[in-house]
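Contents: one structure, followed by commentary.
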């Protein structure tokens, strides 16, 4: 079966900074076996090398500040700080770094949050090693790396009616089984107001019950059901 052709732009990939030496890459993933495979793949390329690696988000930020990598390849979910928090911290302290989220999660909400937070690339862990390496090279050159199925989820997320911040909060509490009365007490709002929020949630998610809303929300990454 043919692998998906990612949509990306190599514009600028022959910039002087890249031509003068190998790309400096940070790899952050809390799974040692996965991290080692990615590090080895990158180090086998003639134009890039891993200068630091980390197993948690906070250490990844510290390493990025100390080593100033050209590209940061970041797991979306890590201990201490998640990939979104890490990206924001790196953007503040190392604004020249390009950012790629490397994740096994590809729900609409995960992809949307990553791109909204500033990721120039989103590559799935199931992708061939060649794609992971290519994503680093693409974003380093000023391009964007977005596999087709990830891009499709992003387009669907953007086209959906957005839930308001309060509706998202109510939905998260619904997901753990709270009643309207309990939700009202949590947010210090009336039970009638909770009912209005729930009605809007059902309408925006195009479902007819709370159970369906929770199921759809979990699939899209709005809530997590342990």
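Tabulated data for the structure shown
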quantity	calculated
The one condition in (1) surrounded by fewer than 18 Cβ atoms within 10 Å (Cβ to Cβ); (2) modelled with pLDDT of 85 or more; (3) within 30 Å of residue 44 (Cα to Cα) that residue 209 fails to fulfil	(3)
Close pairs (6 angstrom Cβ cut-off, 6 or more residues apart or separate chains): more than 21 Å from residue 110 (Cβ to Cβ) in region 121-146, at pLDDT 90 or above anywhere	129/41; 133/41; 133/45; 140/23; 140/70; 140/71; 140/98
Residue match in region 85-99 (condition: surrounded by 22 or more Cβ atoms within 10 Å (Cβ to Cβ), assigned to a helix (DSSP H, G or I) and touching a helix residue (DSSP H, G or I) at 6+ places or on another chain (Cβ under 7 Å))	yes
Region 165-195 - residue that is outside any helix (DSSP H, G or I) and surrounded by 13 or more Cβ atoms within 10 Å (Cβ to Cβ) and, of those, modelled with the lowest pLDDT	175
Evaluation of residue 102 against (1) surrounded by fewer than 16 Cβ atoms within 10 Å (Cβ to Cβ); (2) part of a strand (DSSP E or B) (one fails), failing number	(1)
Residue match in region 48-67 (condition: part of a loop (DSSP other than H, G, I, E, B) and farther than 20 Å from residue 125 by Cβ)	no
Members of region 110-130 found to be crowded, with 19+ Cβ neighbours inside 10 Å and either part of a helix (DSSP H, G or I) or outside the structural domain of residue 78 (by TED's automatic domain parsing) (or both), listed by number	110, 111, 112, 113, 114, 115
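The values are calculated or read from the model by the stated rules, or taken from the named source; none is laboratory data. In this text the structure is predicted, and so the values were computed from the model without any measurement. Because the Cβ atoms are built from the backbone with ideal geometry, glycine has one as well, and the counts that use them run over all protein chains shown.
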